[in-house]
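Q: Once you've had a glance at the structure underneath, I'll fire off some questions.
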Amino acid sequence: MTSGDLTLGAVLVRLEEREREIAAQADETREQVTRLTAVLDELGRAAEEVRITRKTLLELPDPAPPAPSTSAPELPDGAAYQEIIVVFTQADGPLRARGVCEAMDLDPAPNNVNNVRLKLKRLTGRNILAETEPGLFALSRPWPSGR
C-alpha cells in the first residue's frame, strides 16, 4: 500500500465508526417505531370507541316530538307590552319601532323609539314577535284574543 492508500488499520477504524453510526440509527428507529406503535394503538382504541358510540346511538329509539304549546307565551310585566301586542294584532303587516310609537300615540323621539325597540327585542326573545328583517317586527304566530 502506498501512503495515499488507507492502511488496513484505518479502514477497520472507519468501518467500526460506520458500524456505531448504523447501530445508533437503528436504535433511534426502533424508538420511533415504539412511539408510533403506541400512537397507532391509541388511535385504534379511539376509533373503536367511536364505532361503539355510533352503534349505540343508532340503536336508540327516536324520541317523541315535543308537544306543541297550546298556550301563548307570557308577556313581560308592564302595560306597554299589552299595548304593543294590541298594535301588532291590529296591524296589516310588520312594523318598525317608529311605527309602533306612532300607533301608540307616542312622540317618535329617539328615546321613545329606542325604548320601544328594546321592548320589541324582548318580545322577540320570548318568541312572541319575530324580526322578519333587521328592525322589522311582526307577531310570530296569531295572538289569542282576550289577552
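Q: If I filter region 119-130 for residues that are free of Cβ contacts under 8 Å to residues at least 12 places away in the same chain, in a helix (DSSP H, G or I), more than 16 Å from GLN82 (Cβ to Cβ) and of a type outside the set (Asp, Glu), do I get at least one hit?
A: Yes; the residues of region 119-130 include at least one that is free of Cβ contacts under 8 Å to residues at least 12 places away in the same chain, in a helix (DSSP H, G or I), more than 16 Å from GLN82 (Cβ to Cβ) and of a type outside the set (Asp, Glu).
Q: Is it true that PRO142 is outside any helix (DSSP H, G or I) and open to solvent by 70 Å² or more (accessible area, probe 1.4 Å)? Explain how you work it out, then say what you get.
A: Working: outside any helix (DSSP H, G or I): yes; open to solvent by 70 Å² or more (accessible area, probe 1.4 Å): yes.
So PRO142 passes the test.
Q: Here is a further query. Could you check how many residues of region 104-121 are under 14 Å from PHE137 (Cβ atoms), open to solvent by less than 70 Å² (accessible area, probe 1.4 Å) and out of contact with any strand residue (DSSP E or B) (no Cβ under 7 Å at 6 or more places or on another chain)?
A: The total comes to 4.
Q: Looking at region 16-31, is at least one residue surrounded by 10 or more Cβ atoms within 10 Å (Cβ to Cβ), polar (S, T, N, Q) and at pLDDT 95 or above?
A: yes
Q: Taking region 86-103, which residues are in contact with a helix residue (DSSP H, G or I) (Cβ under 7 Å, 6 or more places away or on another chain) and open to solvent by 70 Å² or more (accessible area, probe 1.4 Å)?
A: ARG98 - this is the single residue of region 86-103 that is in contact with a helix residue (DSSP H, G or I) (Cβ under 7 Å, 6 or more places away or on another chain) and open to solvent by 70 Å² or more (accessible area, probe 1.4 Å).
Q: Has region 64-73 got any residue that is under 22 Å from LEU123 (Cα atoms) and either in a helix (DSSP H, G or I) or open to solvent by less than 70 Å² (accessible area, probe 1.4 Å) (or both)?
A: Yes: one or more hits.
The values are calculated or read from the model by the stated rules, or taken from the named source; none is laboratory data. All of these numbers come straight from a predicted model, not from anything done at the bench. Cβ: placed from backbone, ideal geometry, glycine included. Neighbour counts: every protein chain shown. Remember, those area values only see protein heavy atoms, side chains included, never the ligands or the DNA or RNA. Shrake-Rupley method; radii C 1.70, N 1.55, O 1.52, S 1.80 Å.
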